[in-house]
Amino acid sequence: METAKQISVSLVNKPGRLAALLSDLNKEKVNFRALAVMDSGERGTLRFVPDDFAVATAVLERSSLRFDATEVLLIEIPQQPGGFRKICERLASGHLNIDYAYSSINGGGKSGSLAVFKLNDLTKAQRVLSENGTSRRKKPGRRPVHAR
């Protein structure tokens, strides 16, 4: 689990716009740790976590594209049924709001996929997810022996 900078770009929803931007990023050898494209009518939103934030933003600036940068949490999702659900449940139990989430597909392997979470409190989310999952309730112990 780690924090990373995500870039969001709004693009006109026309054929070739996304491909042109991805080509520009490819020319500068920008790789993606995760990427999502969402349609919202006449515009689409591209969200991605680049492996090199500085190079990616320089490409966008040269292309005169406006963008937003946001800190997100990257979490490896276990390769097992319910892995994503369990993370969402742990975040919910910590009273954390998930603004949005998306994931990348790892090429197999043991780690599964990498999920990107935009949350209301990244520091608290890291703390909640780092806990070993045990309840904070005190476990019943021995009762004190009272003298009669």
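Looking only at region 21-34, count how many residues are of a type outside the set (D, E, K, R) and at pLDDT below 95. Spell out the reasoning first.
Initially, region 21-34 is screened for residues of a type outside the set (D, E, K, R), giving 21-23, 25-26, 30-32, 34.
Add one more test, that the residue is at pLDDT below 95, and what stays is 31-32, 34.
Residues in region 21-34 being of a type outside the set (D, E, K, R) and at pLDDT below 95: 3 in total.
Scanning region 1-25 for residues that are surrounded by fewer than 14 Cβ atoms within 10 Å (Cβ to Cβ) and farther than 21 Å from L114 by Cα gives V12, K14, P15, G16, A19, A20, S23. Here is a check on your reading of the model: is E89 surrounded by 15 or more Cβ atoms within 10 Å (Cβ to Cβ), within 21 Å of E131 (Cα to Cα) and of a type in the set (D, E, K, R)? No; evaluated as a whole, the condition is false for this residue. The condition of being among the aliphatic types (A, V, I, L, M) and assigned by TED's automatic domain parsing to the domain that holds Q126 holds for I87. Listed by first and then second residue, the pairs linking a residue in region 60-71 that is more than 18 Å from R43 (Cβ to Cβ) to a residue that is surrounded by 11 or more Cβ atoms within 10 Å (Cβ to Cβ) and β-branched (V, I, T), with Cβ atoms under 6 Å apart and 6 or more places separating them unless they lie on different chains, are A69/I7; E71/T3. The residue list V49, V55 contains one member that is at pLDDT 95 or above and either within 22 Å of Q126 (Cβ to Cβ) or in contact with a Pro (Cβ under 9 Å, 6 or more places away or on another chain) (or both), which is V49. When residues in region 9-44 are screened for being closer than 24 Å to E76 by Cα and not in a loop (DSSP other than H, G, I, E, B), 7 of them pass.
For region 90-114, a tally of residues being of a type in the set (A, V, I, L, M), out of contact with any helix residue (DSSP H, G or I) (no Cβ under 9 Å at 6 or more places or on another chain) and at pLDDT 70 or above returns 2.
Does L46 satisfy the criteria of being in the same structural domain as N120 (by TED's automatic domain parsing), free of Cβ contacts under 8 Å to residues at least 40 places away in the same chain and buried (at least 17 other Cβ atoms within 10 Å of the Cβ)? It is false that L46 is in the same structural domain as N120 (by TED's automatic domain parsing), free of Cβ contacts under 8 Å to residues at least 40 places away in the same chain and buried (at least 17 other Cβ atoms within 10 Å of the Cβ).
The values are calculated or read from the model by the stated rules, or taken from the named source; none is laboratory data. Keep in mind it's a predicted model, so treat the numbers as computed, not measured. All Cβ positions, even for glycine, are placed from backbone atoms using ideal geometry, and neighbour counts span all protein chains on display.
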